[in-house]
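Report on the structure given below.
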Amino acid sequence: MAQKPSIPRGTRDFSPVEMVRRNYIFDTIRSVFQRYGYQPIETPAMENIETLMGKYGEEGDRLIFKITPRGDRLLDILDEISAIWDKKENLPDLINKKMMASGEALRYDLTVPFARYVVQHQSEITFPFKRYQIQPVWRADKPQKGRYREFYQCDADVIGSDSLLNEIELTQMIDEVFGKLGVSVTIKINNRKILSGIAEVIGEKDRIVDITVAIDKLDKIGEEKVMEELLAKGVSKPAVDKLKPLFRLQGTNQEKLNSIANLLSGSETGLKGINELEYVFSALSHISHFTSHISLDITLARGLNYYTGAIFEVKANDVQIGSICGGGRYDDLTGIFGLPNVSGVGISFGIDRIFDVMTELNLFDKIDYTSQTTKLLFAHFGEKERDFCIPLAAKARAAGINTEIYPDVVKKISKQFDYANKKQIPYVAVVGSDEMQSGVLGLKNMGTGEQKKMKIEEIIHLLK
């Protein structure tokens, strides 16, 4: 019995129609990246496991897809284990430890590999270095709506500059991308320095990671569960009680900042975070065509250990789904690879969730895809007629028109029209013996049914 074909959970196949739509999103994002001076790079799907581990927090590290060593390397590891195992140590734990220390892993995101790339190629690049990267990443997560184990990220980062102009431009880029895609969004912004200041003034400075990981879940599990998690992590009850008012801030962004400033009056770090956000909010308020809603969200932490300044998260206003874009400032991510004190900031678009949002809102129905799909099909009545189409199709393609010739000889022209309809090809040029003699073809508009007699030069002029 033949095996039933399947794919791993949390992954997907994409049809031609879906790929045309995905490429439309990719091209839109890429065009905005390039407009702001970002250049493309690519890194391998696999990284050495030590490159990734310890960079995403405890929960993130658990979601890294680890690759078990194989072949000769596996035999070498087993030899090492047999040489050092004294039966006092648990054998499965020893095997796991050795395997993980020696293996590779699929990349969890594009930011850490980017930091590795910068350090490895620092003599070849110009700082500040503005790069974009559009590649898949993998996470050993539980699949659910809007959450996949294999998905694409579209990242833009600038490294080697601590100027807040970068945060302002990245926010503009987010606004432009979603404006072009037709998706109404709210851009949530916070600052890790504010979170550090809060941990400092409530007397839990050493538990900043526990605090940020917990409060980042506020939208998912609610205030009560966040409080329980903080207490379970060892944060004192008086400190937890001091956090509660921060979860209920009201008013404009400036009014929220003023309320937080009162709490953080004794924290130099916290006040610096407030000043940074005030500068960003002020600059964005002077951009007349900026259309996205900007919201200060003090609970936004994103749970990643490497953020040190601004933190971004983007939510679609009209669809219930997770974050569709996010990012932040990191001051020393390259330091772990031997290049300290190099500040960077970046954003990442979640292409798969954006695709789902646009599908749910029927936004793809309004887009002209003829630059990616076939615009003209040559239909014919026989082998001679088909071959007559070859140089005509070449002329159309040379003029930039996506063109096909129906490859098979069939008795019914209706089958070729059916092919055009199923592929949503808008124009069909029909070639028979009369058309071969006169050089005047029958051009049918498949949308309206209108037919005209035209020479190939006239068809090209019309379709260009």
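With viscosity set to 0.890 mPa s at 25 °C, what whole-number translational diffusion coefficient in µm²/s follows for region 376-463 from Stokes-Einstein and a Kirkwood radius over Cα pairs?
Diffusion coefficient, whole number: 193 µm²/s.
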*Could you please state, rounded to a whole Å, how far the C-alpha centre of region 222-295 is from the C-alpha centre of region 1-51?*
35 Å
*Mind jotting down a quarter of the surface of the convex hull over the alpha carbons of region 201-257, in square nanometres, one decimal?*
4.1 nm²
*How big is region 235-343 in terms of Cα radius of gyration and Dmax, in angstroms?*
16.0, 46
*asked:* Compute, for region 356-412, the length of the dipole vector about the Cα centre, with Cβ point charges of +1 (Lys, Arg) and -1 (Asp, Glu) only. Units Debye, rounded to 20.
replied: 360 debye
_Between GLU58 and ASP408, what's the calculated FRET efficiency when r is the beta-carbon distance and R0 is 41 Å? Round to 0.05._
0.10
*So what's the angle, to the nearest 10 degrees on a 0 to 90 scale, between helix 111-120 and the longest Cα principal axis of the chain?*
90 degrees
*asked:* How tilted is helix 218-232 with respect to the longest principal axis of the chain? Cα atoms for both, answer in degrees (0 to 90, nearest 10).
replied: 30 degrees
*region 364-406, Rg to Rh (Cα coordinates; Rh as Kirkwood inverse mean 1/r)*: 1.09
*asked:* What does the charge count around TYR279 come to, taking other residues whose C-beta lies under 12 Å from its C-beta (Lys +1, Arg +1, Asp -1, Glu -1)?
replied: -2
*Work from the charge dipole of the chain (Cβ charges, +1 for Lys and Arg, -1 for Asp and Glu, about the Cα centre) and give the residue of VAL209, VAL409, LEU246 farthest towards its positive end.*
VAL409
*What FRET efficiency comes out for the pair SER295/GLU458, r = Cβ-Cβ distance, R0 = 56 Å, nearest 0.05?*
0.55
_Give me the dipole magnitude in Debye, nearest 20, for the chain about the Cα centre, with unit charges on the beta carbon: positive for Lys and Arg, negative for Asp and Glu._
1260 debye
*Put one equal scatterer on each alpha carbon of the chain, apply the Debye formula with no solvent term, and list log10 I(q)/I(0) at q = 0.09, 0.11 1/Å to two decimals.*
-0.76, -0.98
*For the chain, build the charge dipole from Cβ charges (+1 Lys, Arg; -1 Asp, Glu) around the Cα centre, then report which of GLN451, PRO136, PHE364 sits farthest towards its positive end.*
GLN451
*Hey, what angle do you get for helix 351-360 against the long axis of the chain, alpha-carbon based, 0 to 90 degrees rounded to 10?*
60 degrees
*Which of GLU313, GLU104 comes first, and how do the rest follow, when ranked by fewest Cβ neighbours within 10 Å?*
GLU104, GLU313
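Would you calculate, for the chain, the mean residue ellipticity at 222 nm contributed by helices, counting each DSSP H stretch of 4 or more residues as -39,500 (n - 2.57) and dividing by all residues, to the nearest 500?
Value at 222 nm, helices only, nearest 500: -13500 deg cm²/dmol.
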*Please report, in cubic angstrom per residue, the volume enclosed by the convex hull of the alpha-carbon atoms of region 388-427.*
73 Å³
*asked:* Considering only C-alpha atoms, what is the centroid distance from region 327-374 to region 128-182, in Å?
replied: 3 Å
_Burial ranking of peptide ranges 109-118, 135-144 (average Cβ count within 10 Å, highest at the top)_ = 109-118, 135-144
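FYI, it's all coordinate maths here, none of it is from the lab. The structure displayed is predicted, hence computed values, not measured ones. Note that each Cβ is placed from the backbone with ideal geometry, even for glycine, and that neighbours are counted across all protein chains shown.
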